[in-house]
Ligand code: ARG
Ligand code: ZN
């Protein structure tokens, strides 16, 4: 998503592009200066070329796609738990960032029945997890366009991957557990499946009556039941990374209301976790309000949490609706997932190697919560961690998360330790001003580790290269403690 208005293609430009397609060889090349058109108008357009199959993240070369930027997903889906059939239409509104002869969406599994671009039938092929779409005529650079994909089939989540567990659209006995970090959204809708391309979402999901659908954001209308099915309409109106999208469904007990600070709340538990509903509700509300005083205003229109009975072994900070998979969350993990709403969800990473910007910050939030709630100083937590000679902490530099071990404990704990040492170096006043400046400056956008270091130096007025180098990038235990 880019914050600028769409530009329209003119018939003239489309024609020029078709002519130029033939004479451009490599992806990303620009056309030679075009000849003057009839009437003396000189058009400067890039050639229409295939969009790249990946967005350009070296650790995840197939994830996301090149050549366009998504602004909005409208997902009209139906799911039938007994047969595990997911079907419907995904409409994707995007802007071309180059002239496009064709482009990819990420999609894993399913039968694709029909694809259209701007309501005209488009041809398509499947190549692994790439859905390759060829519009009837090329799309001009800068043009807004809409792709609609009609598809159906049985979801095939990513199962037991060596370091990521099971994720994506995971069918359960009564519905589905839907958590997609890092790249599982392609297991339920065609998308640009990388956090560098954020977009707003509308979800219209139809399920058997009695089933509850929980998606991101707020309900656009009350659930509507007719003929044995119920349709839920949810909208996330702030930009969201694809991995934070969810349509978790099943039998749920729900509690809604507002936090003391006035933010609308939605908490839900699977019947197996009913006894934790009030704790989930109260703690999610309390941590949301508290973080707003520490990190800056809460960035979204509602907050909450969901406990489902699928034992994923992890929680995920799904935007506005963190999800806990088959366990009773304690206050620390709730504080962690709520902190992600600022760090990860509103301010998102641009490349997966910068994951410590999410996990290091959310882990440091746990330390801050323990200090606030239990009176245990963050300094004490830091010393305990520094004393534990856990090998991965010192061998794995958290500033460069690796694909084959993305969620290594170092990205979490040593990431948090980095922030603590930074806090000691620059002092509390500058440190918390830095956090609030960071969440404000990159609100709803994407950022990098380099930008954080730069801002830290600017806000504090101190050179910090030695500190970040030792704590984020060296494969040994740092000796710099402040
Ligand atoms: N971001 C989650 C957290 O805050 C972890 C997600 C792990 N994802 C996975 N597929 N294992 O802890
Ligand atoms: Zn986390």
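Values quoted throughout were computed directly from the atomic coordinates according to the rules given, and no laboratory measurement underlies them. Note that the structure is predicted; figures quoted are calculated from it, not measured. Quick reminder, even Gly has a Cβ in these numbers, built from the backbone with ideal geometry, and neighbours come from all protein chains shown.
Tabulated results
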item: Taking N as its residue count, the alpha carbon Rg of the range 47-151 over 2.2 N^0.38 Å; result: 1.07
item: Residue-span extension gain [residue 404 to residue 301] - 0.36 nm each, minus C-alpha spacing; result: 33.6 nm
item: Rg/Rg_globular for the range 396-445, with Rg_globular taken as 2.2 N^0.38 Å and Rg from C-alpha atoms; result: 1.35
item: log10 of Debye I(q)/I(0), alpha-carbon scatterers only, for the range 308-350 at 0.13 Å⁻¹; result: -0.27
item: Prolate/oblate/rounded label for the range 364-456 (Cα gyration tensor, a/c 1.5); result: oblate
item: Calculated log₁₀ intensity ratio I(q)/I(0) where the Debye formula runs over C-alpha points of the range 379-423, q = 0.28 Å⁻¹; result: -1.03
item: C-alpha center-to-center spacing [the range 117-160, the range 52-87] in angstrom; result: 9 Å
item: Rounded to 10°, Cα long-axis angle of helix 449-460 versus longest principal axis of the chain; result: 50 degrees
item: Separation in nanometres of the label points that stand 7 Å from Cα toward Cβ, at residue 372 and residue 152; result: 4.9 nm
item: Descending semi-axes in Å of the range 252-312, equivalent ellipsoid built from Cα gyration tensor; result: 23, 11, 9
item: Computed [θ] at 222 nm, helices only, for the chain once each DSSP H run of length n ≥ 4 contributes -39500 (n - 2.57); result: -8000 deg cm²/dmol
item: Percent of beta bridges antiparallel (DSSP, the chain, rounded to nearest 5); result: 75 percent
item: Square roots of five times the Cα gyration tensor eigenvalues for the range 136-216, Å; result: 27, 18, 12
item: Mean Cβ count within 10 Å, highest first, over the residues of peptides 142-149, 246-253; result: 246-253, 142-149
item: Kirkwood hydrodynamic radius of the chain, Cα pairs, Å; result: 23.5 Å
item: Between helix 277-295 and the chain: long-axis angle, C-alpha atoms, 0 to 90°, nearest 10; result: 90 degrees
item: Kirkwood Rh in Å, taken over all unlike Cα pairs in the range 324-368; result: 10.8 Å
item: Per-peptide average of other Cβ atoms within 10 Å, ordering 174-184, 95-105, 380-390, 128-138 highest first; result: 174-184, 95-105, 128-138, 380-390
item: Cα centroid separation, the range 236-291 to the range 410-458 (Å); result: 27 Å
item: Per-selection Rg to Rh, the range 89-180 - Cα, Kirkwood hydrodynamic radius; result: 1.05
item: Prolate/oblate/rounded call for the range 291-399, Cα gyration tensor, a/c under 1.5 rounded; result: rounded
item: Mean separation of Cα contacts under 8 Å, 6 or more apart, over the residue count of the range 140-214: relative contact order %; result: 19 percent
item: Debye equation applied to the C-alpha atoms of the range 344-408, log10 I(q)/I(0) at 0.22 Å⁻¹; result: -1.00
item: FRET efficiency for residue 113 and residue 448, using Cβ-Cβ distance with R0 set to 45 Å, rounded to 0.05; result: 0.70
item: Cα-Cα pairs of the range 183-303 separated by more than 24 Å (percent); result: 35 percent
item: Nearest-ten-degree value, helix 356-374 long axis tilted from longest Cα axis of the chain; result: 30 degrees
